[in-house]
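S.K.: So that we are looking at the same thing, I have put the structure below in structure tokens.
The values are calculated or read from the model by the stated rules, or taken from the named source; none is laboratory data. These numbers come from a predicted model, not from an experiment. When we count neighbours, we look across all protein chains shown, and the Cβ atoms used for this are built from the backbone with ideal geometry, even at glycine.
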Amino acid sequence: MAKMEERLDSIVKRYNEINEEMMKPDVVSDRKTMAKLGREQNELTPIVETYQEYKQAKSEYADAQELSKEEDKELRELGQAEIERLEPLMQEYLDKLELLLVPKDPNDSHNCILEIRGAAGGDEGNIFAGDLFRMYSKYCESKGWKIEVIEAEDSEAGGYSLISFKVNGDGAYGTLKFESGSHRVQRVPKTEAQGRIHTSTATVLCMPEIEEEDFDIDMNDLEIETMRASGAGGQHINKTDSAVRIIHKPTGIIVKCQDGRSQHENRATALMTIRARVYEEHQRELDEKNDAERRTKIGTGDRAEKIRTYNYPQNRVTDHRIGYTVNQLDRIMDGRLDDLMNALQLADQQAKLAGEKS
């Protein structure tokens, strides 16, 4: 416990340093530094607040122990009652601190890029990809996060064969990273005359937005092409070679962007996306080399891993990684995902904690 308190005291010291830094005029005028310090402050706040609550309970516990030694019977009973109240409370704070101190992914505070593809099931898989996009859009809206579509390939039957979009919001990646994998839907398609239930899938890939200085890509490894944008896009579409396609030659990863209002904007978005895709591939290779780390994660993050089933006839959603089931599919598809996201984050923290202790 002494070692934990020593670590917590150093975190409080750093937290106070950040608060002082953020009040300096030269820092206030530097948006990038302020944003970086703000992210670090947000990460430390729950630890500092919980530690303060623990210390308050610990102080009250010491007072209660003194009270329980008094000669007066009523004071002794009062002290004993306080001890019985505070002991489980202190343990609760310690358990919470133990989880909060589990090392976090440094990318958790970043924006993220989500890529959804219709997979098995043909048209129905594409339609479900569209349903997932709407689900995430509503969830992000409820969190105050902004969505920017990067690339969209419409399906004739509805939905998308592919849609990728950026989520701008503090902690977006840390919250949505567990969505990577295969999402299975069981329902009767609108085109099914016999009323039979079909099973289809859509895959999701969630990647953190990575700054250029954090992960550098050799520009010589990129093949950049410009072309006329295609599909619906308003007054700016098809008038200039505004669409941009980038190929990362070593990995074969391809990114296309045409939703921006100019070639410059599309190029910047495509470069941001290709950096995230190549970084994700790089991290996947590292994880495969490090089996121990891979085992402490909730799922592998692999696009092919079946993570969740959406059963429409039974109004049920099941996340297979943590055994989480809720009979409120309509609420889930309406973007009310907080309980599910919290359960996934808690399970991930507990898995990492168990990995640290083993």
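S.K.: Any chance you could count how many residues in the range 142-183 are touching a Lys or Arg at 6+ places or on another chain (Cβ under 6 Å) and either charged (D, E, K, R) or under 22 Å from Ser200 (Cα atoms) (or both)?
M.R.: Residues in the range 142-183 being touching a Lys or Arg at 6+ places or on another chain (Cβ under 6 Å) and either charged (D, E, K, R) or under 22 Å from Ser200 (Cα atoms) (or both): 5 in total.
S.K.: Do we have any residue at all in the range 64-80 that's within 32 Å of the chain's Cα centre (by Cα), surrounded by 13 or more Cβ atoms within 10 Å (Cβ to Cβ) and of a type outside the set (A, V, I, L, M)? Steps first, please.
M.R.: Narrowing the range 64-80 to residues within 32 Å of the chain's Cα centre (by Cα): none.
Checked the range 64-80: no residue is within 32 Å of the chain's Cα centre (by Cα), surrounded by 13 or more Cβ atoms within 10 Å (Cβ to Cβ) and of a type outside the set (A, V, I, L, M).
S.K.: Right, here's the next one. Given the conditions (1) of a type in the set (A, V, I, L, M, F, W, C); (2) farther than 30 Å from Lys58 by Cα; (3) surrounded by fewer than 16 Cβ atoms within 10 Å (Cβ to Cβ), which single one is not true for Ile127?
M.R.: Single failed check for Ile127: (3).
S.K.: Conditions first: (1) part of a helix (DSSP H, G or I); (2) in contact with a helix residue (DSSP H, G or I) (Cβ under 8 Å, 6 or more places away or on another chain); (3) farther than 28 Å from Asp348 by Cα. Gln56 passes all but one, so which condition is the exception?
M.R.: Here Gln56 meets the rest and fails (2).
S.K.: Considering each residue of the range 228-253, count those that are closer than 26 Å to Ser155 by Cα, at pLDDT 75 or above and loosely packed, with under 13 Cβ neighbours inside 10 Å, and give that number.
M.R.: If we filter the range 228-253 for residues that are closer than 26 Å to Ser155 by Cα, which is where we start, we get 228-247, 252-253.
Subsequent filtering for residues that are at pLDDT 75 or above retains 242-247, 252-253.
Going one step further and asking which of them are loosely packed, with under 13 Cβ neighbours inside 10 Å, we end up with 252.
Within the range 228-253, residues that are closer than 26 Å to Ser155 by Cα, at pLDDT 75 or above and loosely packed, with under 13 Cβ neighbours inside 10 Å number 1.
S.K.: Now a separate question. Does at least one position in the range 97-111 carry a residue that is touching a strand residue (DSSP E or B) at 6+ places or on another chain (Cβ under 6 Å), in contact (Cβ under 8 Å) with a residue 24 or more places away in the chain and within 12 Å of Phe165 (Cβ to Cβ)? Please lay out each step first, then the result.
M.R.: Restricting attention to the range 97-111, the residues satisfying the condition of being touching a strand residue (DSSP E or B) at 6+ places or on another chain (Cβ under 6 Å) are 107, 110-111.
Okay, now just the ones that are also in contact (Cβ under 8 Å) with a residue 24 or more places away in the chain, so 107, 110-111.
Remaining after also requiring within 12 Å of Phe165 (Cβ to Cβ): 111.
Yes, that holds for at least one residue.
S.K.: Within the range 67-112, take every residue that is modelled with pLDDT of 90 or more and small (Gly, Ala, Ser) and give me the one that is nearest to His183 (Cα to Cα).
M.R.: Ala81
S.K.: If I ask for residues that are in contact with a helix residue (DSSP H, G or I) (Cβ under 7 Å, 6 or more places away or on another chain), surrounded by fewer than 21 Cβ atoms within 10 Å (Cβ to Cβ) and β-branched (Val, Ile, Thr), which ones from the range 130-160 would you list?
M.R.: Across the range 130-160, the qualifying residue is only Ile147.
S.K.: Oh, and also: Checking Lys256 against (1) farther than 15 Å from Met219 by Cα; (2) touching a residue at least 40 places away in the same chain (Cβ under 8 Å); (3) outside any strand (DSSP E or B), which test does it fail?
M.R.: (3)
S.K.: Against the definition (within 28 Å of the chain's Cα centre (by Cα) and in contact (Cβ under 8 Å) with a residue 40 or more places away in the chain), how does Asn16 come out, yes or no? Give the steps one after another, and end with the answer.
M.R.: Values: within 28 Å of the chain's Cα centre (by Cα): yes; in contact (Cβ under 8 Å) with a residue 40 or more places away in the chain: no.
So Asn16 does not fit the description; no.
S.K.: Ok, one more. Pick from Asn342, Asn315, Asn327: which is surrounded by fewer than 18 Cβ atoms within 10 Å (Cβ to Cβ) and in contact with an Asp or Glu (Cβ under 7 Å, 6 or more places away or on another chain)? I'd like the intermediate steps shown before the answer.
M.R.: Values: Asn342 fails: in contact with an Asp or Glu (Cβ under 7 Å, 6 or more places away or on another chain); Asn327 fails: in contact with an Asp or Glu (Cβ under 7 Å, 6 or more places away or on another chain).
Asn315 is the lone residue from the list that is surrounded by fewer than 18 Cβ atoms within 10 Å (Cβ to Cβ) and in contact with an Asp or Glu (Cβ under 7 Å, 6 or more places away or on another chain).
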